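The values are calculated or read from the model by the stated rules, or taken from the named source; none is laboratory data. These numbers were taken from a predicted model, which means no experiment stands behind them. Every residue, glycine as well, gets a Cβ built from its backbone with ideal geometry; the counts of neighbours run over all protein chains shown. Ligands, DNA and RNA are stripped out before the accessible areas are found, and what is left, the full protein with its side chains, is counted by its heavy atoms. Shrake-Rupley method; radii C 1.70, N 1.55, O 1.52, S 1.80 Å.
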Amino acid sequence: MSSRRTDGTIGPELVVHGSLHGKSDLRIDGAFDGELRLEGALLVGPEGRVTAPVEVADLELEGELRGDVIASRTVAIRPGGRLIGDVRARRIAVDDGGALEGGIEMDFDLPGEEA
């Protein structure tokens, strides 16, 4: 998993149900079920399980996420990561050994387009 420091962690022994909104980064090594909206990054560790629609700046996934994802910047699915749902982001990467089951919509400007 990324060495990036996170402001909060849902540990491997925790199961959280509900709605979570915030401005910070979050790492999930346990289970989360509900709705998740962060202005920061979401890091899902290899044992992490998320069942929720997710809105974040960045997503790094090594565990499993079931739900649609909207990321204002990037989605990175690492080896062993599995995303089941549609994804919308500026940049999307699926590493060898990662899996995406759903649609992809990318936000980008074509050359010659005025912003």
Pairs where the first residue, in the range 6-25, is within 16 Å of LEU38 (Cα to Cα) and touching a residue at least 24 places away in the same chain (Cβ under 8 Å) and the second is among the basic types (Lys, Arg) and in a strand (DSSP E or B), C-beta under 6 Å, 6+ apart: THR6/ARG27
Pairs where the first residue, in the range 71-88, is acidic (Asp, Glu) and at pLDDT 95 or above and the second is open to solvent by 70 Å² or more (accessible area, probe 1.4 Å) and part of a loop (DSSP other than H, G, I, E, B), C-beta under 7 Å, 6+ apart: ASP86/ASP68
Residue check, PRO53 out of contact with any Lys or Arg (no Cβ under 7 Å at 6 or more places or on another chain) and more than 25 Å from PHE108 (Cα to Cα): no
Residues satisfying the stated conditions in the range 65-77, i.e. in a strand (DSSP E or B) and either of a type in the set (Val, Ile, Thr) or more than 20 Å from GLY11 (Cα to Cα) (or both): VAL69, ILE70, ALA71, SER72, ARG73, THR74, VAL75, ALA76, ILE77
Failed condition for GLY80, given (1) within 11 Å of the chain's Cα centre (by Cα); (2) in a loop (DSSP other than H, G, I, E, B); (3) not basic (Lys, Arg): (1)
Matching entry among GLY112, GLY102 (being open to solvent by less than 100 Å² (accessible area, probe 1.4 Å) and either within 14 Å of LEU59 (Cβ to Cβ) or at pLDDT 95 or above (or both)): GLY102
Cross-chain or 6+ apart pairs with Cβ under 9 Å, the range 89-100 first and in contact (Cβ under 8 Å) with a residue 60 or more places away in the chain, then surrounded by fewer than 18 Cβ atoms within 10 Å (Cβ to Cβ): none
Output for the range 68-99, where each listed residue is small (Gly, Ala, Ser) and either surrounded by 19 or more Cβ atoms within 10 Å (Cβ to Cβ) or touching an Asp or Glu at 6+ places or on another chain (Cβ under 6 Å) (or both): ALA71, ALA76, GLY80, GLY81, GLY85, ALA89
All strands (runs of 3 or more DSSP E) inside the range 1-64 with 1 or more residues being closer than 21 Å to ASP95 by Cβ and open to solvent by 70 Å² or more (accessible area, probe 1.4 Å): 49-51
